[in-house]
Amino acid sequence: MSTETATPLGTVARPPRSGLKKQQRGQARWAIWLILPTMALLAVVIGYPIVSAIVMSFQKDAGLDSSTGMFVQGGFAGFQNYAHWLLQQCASSGGTVACPPGSLGAQFWNAVGVTFFFTVVTVILETVFGLWMAIIMNRAFRGRGIVRAAILVPWAIPTAVTAKLWFFIFSAAGVANALIGQRILWVSGEWSSRWAIIIADTWKTTPFMALLILAGLQLIPDEVNEAAKVDGASTVQRFWRVTLPLVKPALMVAVLFRILDALRIYDLPAILTGGGGGSGNATTTLSILVVQQIRQGPNSASALSTITFIIIFLVAFIFVRFLGANVVRTQESQQKGTL
Amino acid sequence: MRRARKTTLRLSGLAGIAVLGMVLAGCSGGGGSGDPKSQNLDGKGPITYVQGKDNSNVVRPLIAKWNKAHPDEKVTFKEQSDQADQQHDDLVQNFQAKNANYDVVDVDVVWTAEFAAKGWLQPLTGSLKIDTSKLFKPTVATATYNGTLYAAPQTSDGGLLYYRTDLVKTPPTSWDEMMKDCDIAKQAGIGCYAGQFAQYEGLTVNTAEAINTAGGTIVGKDGKSPTVDSADAKKGLQRLVDGFKNGDIPADAITYQEEQGRQAFEAGKLLFLRNWPYVYSLAKTDGSSVVKDKFAVAPLPGNGNGKPGASSLGGHNAAISVYSKHKQTAHDFIEFLQSEQTQKFFMTQGSLAPVLASLYDDSELNSKFGYLSTLKKSIESAVPRPVTPFYPAVTKAIQDNAYAALKGNKSVDTALKDMSDAIKAAGSGS
């Protein structure tokens, strides 16, 4: 979202400050009016919910008035809601205690671990398979169109349908068990449920990676590869020394998108396992935890979603800063044709 | 230079969005005047009735009948989705918005306390009082919070023990008797007992039944202080854990919800099944059912003292919104829903268990629904799930810890201790 708004802002504001001619100044003022509707819309659909969530996260959830048995407003909470999640402190009669198992508070770090585990494993698998598929799709051979279409099918299926599909495959009497000739209760085991999610997610999202990487591959001129071939580079050398460095910018953007997507994964585990498995929470991701918490106390849920937002933001920041996945710059240089 | 200016512009843009957002955030809220509980008590006029999806077309004919008799107080039907969670959220949002058009709402028995404590339900006292003397006591308990009746029981539901008449002549009356009968299942090469043990609301129902049957309780009279860490409660949960451990409850049953259990029973793979009354007619008529003429129902097995087991209660209550403008009409409509004729129609048209005790002795209904007299025993001795405003957290505490115990990841002692702690934490705010 931010990149989309940044680009028009950047282009209109380009004239240097000194020596602004009257006409240009008029243009700039005119531009502000053109942007205003967009800004107002963004304020309503993005600004308001975020600010409102942050304000709520500093309020206590409604508690019971013990004399009347009615809910009363909780009042200002300070950082109590954040401490509740990060330090696992649950309110109890007279002070705080460590959150007991069976309360949502106790699941925070478990959910963080599960979310990152899913992210790391699925992104690695999807990158490897996606790259492989992209290279196949990039070759010229008969029936290439059919292969491309076939590879895209999983991506075209809505996630909810995918999740139900794999739910049936992984059911006790399902195809997965019939194929391997065993009777695994996939969605109830701790690791089997996690692998069920990973398999389904990889199946679904690899085409997305493949497509983004393919776009990068097609920008590599054939001459480069042919020149390397003439110079006597082997296939393996050409892949590591020529193809990979040249496709890296596109690859990094694809990986960044997938990481951000995977960190807020909700629909697939919510439908496939209901967040269950193991002793009940083996596939509870941060987003699932937020949704569960909303029914128990929206203010505490706001704190949790703010924490989730910050975690995802930090991961994206680290990735862009240190691994050089710069979405904007890549687009700009692509436009200039200097990739 | 250029980049710096770009950044400033970008930042000021973000700041602008944030400020506008804050202004909008400040707009929300605002209060009305006066206590809505004491307003519009004698209001008469058109009202709206809100309920989840009317699957068997029960509500529309009833409302048509009402509207014919009350042309000035017409009822409009607002149908919600068929998902319980969505119904709950829809009600919450409309109550928060103080929507005067949600006059009479149909609430799940386990939501009643929450909505009452939020101050959204009109206490049925004074001129809005309804007669509960002819209703089953446990159903009235689900609608009562803090000693006040906030809703009128509308439909009920209780657990039944389905058993195979070709293998077992007389149904077991206690858990221990049932476990003895498991030898028969072993010889027949089928599973012995199953209920709903997947990690969802059904597990709370089954755990509560096991604990209540053994003489334990989950929460105290105030509805929030835990009482589950007791010897009796332990006995109850231990029965289920032992069942899984020694195979009397098949391992697959840990993934069972109502439907999987029903399918297994209809496929002849189970000797005993705990389930709701809806299974009865399906198992009698389903093409895939191999047990059509080979099963019957009995009350849930008890504790060995001659009494049947303590079923958890399903069903719905009808409540009046405090924001309703026509509370007297709403009250009259609720009485209409509870009338003998309406209750009988619920049963014949939708197989919804009545809350009026007298209907269970109705010979016409009994000849049509073979399970009715058994269901009566089940509901009579039922114990409602905890009536607490923190129900979502309490049911989570029960499910998570019972599930861990059933899977053998936790000892029964630890599970009950954690359950007790989590229920306590649920009741003290965040």
**Study point:** Condition check for A:F71: among the aromatic types (F, W, Y), at pLDDT 85 or above, more than 23 Å from A:D201 (Cα to Cα) and crowded, with 16+ Cβ neighbours inside 10 Å
**Key:** yes
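Looking at the stretch B:284-338, which of the residues that are basic (K, R) and in contact (Cβ under 8 Å) with a residue 40 or more places away in the chain is farthest from B:G268 (Cα to Cα)? Explain how you work it out, then say what you get.
Going through the stretch B:284-338, the residues basic (K, R) turn out to be B:284, B:292, B:294, B:307, B:325, B:327.
If we keep only those that are in contact (Cβ under 8 Å) with a residue 40 or more places away in the chain too, we end up with B:294, B:307, B:325, B:327.
Numbers: B:K294: 9, B:K307: 28, B:K325: 54, B:K327: 51 Å.
This residue is B:K325.
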Revision key, fill the gap. Considering residues that are surrounded by fewer than 18 Cβ atoms within 10 Å (Cβ to Cβ) and under 21 Å from the mean Cα position of the chain (by Cα), the number found within the stretch B:228-254 is 0
Point to revise | Test for B:D332: is it within 30 Å of B:V241 (Cβ to Cβ), assigned to a helix (DSSP H, G or I) and of a type in the set (D, E, K, R) | key: no
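I'd like the full set of residues that are away from chain A (no Cβ under 14 Å) and among the polar types (S, T, N, Q), limited to the stretch B:114-138.
Within the stretch B:114-138, the first condition is being away from chain A (no Cβ under 14 Å), and the residues that meet it are B:124-138.
Those that are away from chain A (no Cβ under 14 Å) and among the polar types (S, T, N, Q): B:T125, B:S127, B:T132, B:S133.
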Review point. Looking only at residues in the stretch B:412-428 that are within 9 Å of another protein chain (Cβ to nearest Cβ) and of a type in the set (D, E, K, R), which one is nearest to the chain's Cα centre (by Cα)?
Key: B:K424
Point to revise | the stretch A:283-300 residues that are over 21 Å from A:T273 (Cβ atoms), paired with ones that are of a type in the set (A, V, I, L, M) (beta carbon under 6 Å, 6 or more apart) | key: A:N299/A:M56
Practice item. Tell me which residues, restricted to the stretch B:367-411, are within 14 Å of another protein chain (Cβ to nearest Cβ), among the hydroxyl-bearing types (S, T, Y) and assigned to a helix (DSSP H, G or I). Key: B:Y391, B:T395, B:Y403
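Across the stretch B:197-220, what is the number of residues that are within 14 Å of chain A (Cβ to nearest Cβ) and either in a loop (DSSP other than H, G, I, E, B) or surrounded by fewer than 24 Cβ atoms within 10 Å (Cβ to Cβ) (or both)? Step through it out loud before you land on a result.
First, pick out the residues of the stretch B:197-220 that are within 14 Å of chain A (Cβ to nearest Cβ): B:197-204, B:207, B:218-220.
With the extra rule that they be either in a loop (DSSP other than H, G, I, E, B) or surrounded by fewer than 24 Cβ atoms within 10 Å (Cβ to Cβ) (or both), the set shrinks to B:197-202, B:218-220.
Result for the stretch B:197-220: 9.
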**Study point:** Residues satisfying the stated conditions in the stretch A:54-76, i.e. more than 7 Å from every other protein chain (Cβ to nearest Cβ) and farther than 21 Å from B:A393 by Cβ
**Key:** A:I54, A:F58, A:S67, A:F76
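If you check B:D157 against the conditions, is it touching a residue at least 24 places away in the same chain (Cβ under 8 Å) and outside any loop (DSSP other than H, G, I, E, B)?
Working: touching a residue at least 24 places away in the same chain (Cβ under 8 Å): yes; outside any loop (DSSP other than H, G, I, E, B): yes.
In short, yes.
Looking at the stretch A:89-129, which of its residues are within 11 Å of chain B (Cβ to nearest Cβ) and hydrophobic (A, V, I, L, M, F, W, C)?
Initial filter on the stretch A:89-129 (within 11 Å of chain B (Cβ to nearest Cβ)): A:89-107.
Matches in the stretch A:89-129: A:C90, A:A91, A:V97, A:A98, A:C99, A:L104, A:A106.
Please find, among B:A353, B:A404, B:A397, B:A422, the residue that is surrounded by 23 or more Cβ atoms within 10 Å (Cβ to Cβ) and without any contact (Cβ under 8 Å) to a residue 24 or more places away in the chain.
Values: B:A353 fails: without any contact (Cβ under 8 Å) to a residue 24 or more places away in the chain; B:A397 fails: without any contact (Cβ under 8 Å) to a residue 24 or more places away in the chain; B:A422 fails: without any contact (Cβ under 8 Å) to a residue 24 or more places away in the chain.
Unique residue meeting the criteria: B:A404.
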Exercise for review: Quick one: which residue in A:A254, A:A250 is modelled with pLDDT under 90, buried (at least 19 other Cβ atoms within 10 Å of the Cβ) and more than 30 Å from A:G174 (Cβ to Cβ)?
Suggested key: A:A250
Exercise for review: Please work out which one of (1) assigned to a helix (DSSP H, G or I); (2) at pLDDT 90 or above is the condition A:I265 fails and give its number.
Suggested key: (1)
Review point. A:I311 versus (1) farther than 30 Å from A:G63 by Cβ; (2) in a helix (DSSP H, G or I): which is the lone unmet condition?
Key: (1)
**Study point:** Extreme residue, farthest from the chain's Cα centre (by Cα), among residues of the stretch B:71-94 that are farther than 24 Å from B:V110 by Cα and touching a residue at least 12 places away in the same chain (Cβ under 8 Å)
**Key:** B:D72
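Does the stretch A:197-208 include one or more residues that are within 14 Å of chain B (Cβ to nearest Cβ) and within 30 Å of B:G408 (Cα to Cα)? Steps first, please.
Of the stretch A:197-208, the ones within 14 Å of chain B (Cβ to nearest Cβ) are none.
No, every residue in the stretch A:197-208 fails to be within 14 Å of chain B (Cβ to nearest Cβ) and within 30 Å of B:G408 (Cα to Cα).
Could you count how many residues in the stretch B:95-113 are part of a helix (DSSP H, G or I) and either among the basic types (K, R) or free of Cβ contacts under 8 Å to residues at least 40 places away in the same chain (or both)? Even if it seems obvious, please write down each step before you answer.
First, pick out the residues of the stretch B:95-113 that are part of a helix (DSSP H, G or I): B:95-96, B:112-113.
The next check asks that each one be either among the basic types (K, R) or free of Cβ contacts under 8 Å to residues at least 40 places away in the same chain (or both); those that pass are B:96.
Qualifying residue count, the stretch B:95-113: 1.
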Review point. Looking at the stretch B:275-307, which of its residues are over 30 Å from B:G52 (Cβ atoms) and assigned to a loop (DSSP other than H, G, I, E, B)?
Key: B:V290, B:V291, B:K292, B:D293, B:K294, B:P301, B:N303, B:G304, B:N305, B:G306, B:K307
Study note, to complete from the structure: Out of (1) of a type in the set (S, T, Y); (2) part of a loop (DSSP other than H, G, I, E, B); (3) out of contact with any strand residue (DSSP E or B) (no Cβ under 9 Å at 6 or more places or on another chain), the one B:S358 does not meet is (2)
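Go through the stretch B:120-137 and report how many residues are of a type outside the set (A, V, I, L, M) and buried (at least 23 other Cβ atoms within 10 Å of the Cβ).
Residues of the stretch B:120-137 that are of a type outside the set (A, V, I, L, M), as a first pass: B:120, B:122-123, B:125-127, B:129, B:131-134, B:136-137.
Within this subset, residues satisfying the condition of being buried (at least 23 other Cβ atoms within 10 Å of the Cβ) are B:120, B:122, B:136.
Here the count works out to 3.
Does B:E364 satisfy the condition of being more than 10 Å from every other protein chain (Cβ to nearest Cβ), among the charged types (D, E, K, R), at negative phi and within 21 Å of the chain's Cα centre (by Cα)?
Working: more than 10 Å from every other protein chain (Cβ to nearest Cβ): yes; among the charged types (D, E, K, R): yes; at negative phi: yes; within 21 Å of the chain's Cα centre (by Cα): no.
For B:E364, the condition - more than 10 Å from every other protein chain (Cβ to nearest Cβ), among the charged types (D, E, K, R), at negative phi and within 21 Å of the chain's Cα centre (by Cα) - is not met.
The values are calculated or read from the model by the stated rules, or taken from the named source; none is laboratory data. The model shown is predicted, which means the values in this text are computed figures rather than measured ones. Methodologically, a virtual Cβ is constructed for each residue, glycine included, from the backbone with ideal geometry; neighbour enumeration extends over all protein chains shown.
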